[in-house]
Amino acid sequence: MTSASARSPEEIDSISPEEFAKLCEFFYRRTGIVFSEKKRYFVARRVQERIAKTRSSSFRDYFGLLRFQASGEEFQQLVNLLTVNETYFFREDYQFEALTRGMLPELASARKPGDRLKIWSLPCSTGEEPYSIAMQVLENWPQCDQYEIQIFASDIDSRVLGDAVRGVYGERSLQRVGQALRAKYFENIKADEYRLRDEIRESVDFSTVNVVDRVQMAAFRGFDVIFCRNLLIYFDDLGRRETVETLFECLAPGGFICLGHSENMSRMSSLFRPRKFADTIVHQKPMDAE
């Protein structure tokens with residue numbers, strides 16, 4: 001880097017329309033996420049923060065760091081700044097009910113006691129979704145002790161995964177968690193701050209994953225249920241189709257995928273067939289699919 005000392009973001013000129021377009025195209029190729037012109041100020045401010053932090057002399061200097069840094073550490077830092085992570089426990093809870101009332105019983109009917117059932121939450125943000133899955137299964141599926149249930153959780157943002165592993169949450173995250181569940185699965189460590197008990201935190205395996213990275217995704221196979229809610233809204237039509245096809249490959253035959261309430265599978269892929277459980281539609285990979 002050519003600057004002798006770090007500058008504050010306010011001292012760095014805003015990126016030009018051409019630079020914004022170049023950055024967006026690069027980010028899209030690496031993550032599949034699309035930033036519209038309406039997001040230009042949001043993106044520019046965060047890029048300026050990183051230009052100052054890395055002591056880069058210009059956007060061009062910083063962009064070279066993003067592209068060619070061998071470790072990819074700076075790209076990960078920018079990803080962490082540009083991705084939105086807002087969630088809470090038991091969000092869209094009707095899908096958790098569908099999991100224990102419909103999906104898991106159907107999957108278990110074709111297995112024998114002791115068999116493995118794999119569930120994946122992505123993007124998992126700060127962990128509320130996969131931990132909700134764990135509590136839902138323990139509380140509402142009587143057969144859970146008869147099977148080896150593995151819960152995996154992934155996100156592109158390494159920072160939020162650190163928060164997920166720590167398992168400490170405030171009242172906003174716990175707004176839908178009743179007192180009985182709080183007493184059973186959380187420890188009140190100080191005013192309005194709760195830590196998940198070890199049995200729940202240790203039941204989830206967290207990892208950093210970029211869904212458009214086919215090398216990374218190739219390691220994720222044989223899942224019975226995938227929760228992929230409110231991710232595809234950040235992609236364009238091509239990115240949605242490609243991501244859905246990748247997730248199709250990650251599922252075992254007969255496996256299920258849950259999307260967010262505003263995401264429509266029929267507009268993205270005909271690979272899945274819709275199934276209705278507990279007043280919600282999920283999507284199933286046909287048993288005869290390869």
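The values are calculated or read from the model by the stated rules, or taken from the named source; none is laboratory data. Please read these numbers as outputs of a predicted model, since none were measured by experiment. Cβ sites come from the backbone with ideal geometry, for glycine too, and all protein chains shown count toward neighbours. SASA here: full protein model, heavy atoms, side chains in, ligands and nucleic acids out. Shrake-Rupley method; radii C 1.70, N 1.55, O 1.52, S 1.80 Å.
Points worth noting:
- Two-decimal log10 I(q)/I(0) for region 123-221, as the Debye equation yields it once each C-alpha is a single scatterer, q = 0.24 Å⁻¹: -1.30
- Taken over the Cα atoms of region 39-95, the convex hull encloses 123 Å³ per residue.
- Per residue, region 206-270 exposes 42 Å² of solvent-accessible protein surface, assessed with a 1.4 angstrom probe and all protein chains in place.
- Using only alpha-carbon positions in region 241-290, the gyration tensor eigenvalues give semi-axes of 16, 14, 8 Å once each is multiplied by 5 and square-rooted (largest first).
- For the chain, carbon and sulfur atoms together expose 47% of the accessible surface, with a 1.4 angstrom probe and every protein chain in place.
- Applying D = kT/(6 pi eta Rh) to the chain, where Rh is the Kirkwood radius over alpha-carbon pairs, T corresponds to 10 °C and eta to 1.306 mPa s, the Stokes-Einstein value obtained is 77 µm²/s.
- Net charge in the neighbourhood of residue 120 (other residues with Cβ under 14 Å of its Cβ; Lys, Arg +1, Asp, Glu -1) is 0.
- Assuming charge only on the beta carbon of Lys and Arg (+1) and of Asp and Glu (-1), the dipole of region 35-163 about its Cα centre is about 800 debye to the nearest 20.
- Considering only the chain, percent of DSSP beta bridges that pair antiparallel, nearest 5: 45
- Under 10 Å, Cβ to Cβ, from residue 214 - net charge with Lys/Arg +1 and Asp/Glu -1: -3
- R0 of 25 Å, Cβ-Cβ distance residue 221-residue 68: FRET efficiency to nearest 0.05: 0.20
- Convex hull projection area averaged over all views, region 1-157, Cα basis, nm²: 12.1
- Positive-end residue of 156, 114, 127, charge dipole of region 83-174 with Cβ unit charges: 114
- Stokes-Einstein diffusion coefficient of region 15-68, Kirkwood radius over Cα pairs, 25 °C, 0.890 mPa s, in µm²/s: 217
- About the Cα centre, charge dipole magnitude for the chain (Lys/Arg +1, Asp/Glu -1 at Cβ), debye: 240
- Gaussian network model of the chain, Cα within-10 Å springs - most flexible of 58, 16, 71: 71
- Its Cα gyration tensor gives region 79-138 an equivalent ellipsoid, and the semi-axes of that ellipsoid, as √(5λ) in whole Å with the largest first, are 27, 13, 9.
- Calculated FRET efficiency for the pair residue 112/residue 38, C-beta based, R₀ 35 Å, to 0.05: 0.10
- Using C-alpha pairs under 8 Å with a sequence gap of at least 6, the mean separation divided by the residue count of the chain gives a relative contact order of 18 percent.
- Residue 161 sits among other residues whose Cβ lies under 14 Å from its own Cβ, and their net charge, with Lys and Arg +1 and Asp and Glu -1, is -3.
- Span per principal axis, largest first, for the Cα atoms of region 175-290 (Å): 48, 35, 29
- Rg over Rh for region 153-211 works out to 1.01, both radii taken from alpha-carbon positions and Rh defined as the Kirkwood radius.
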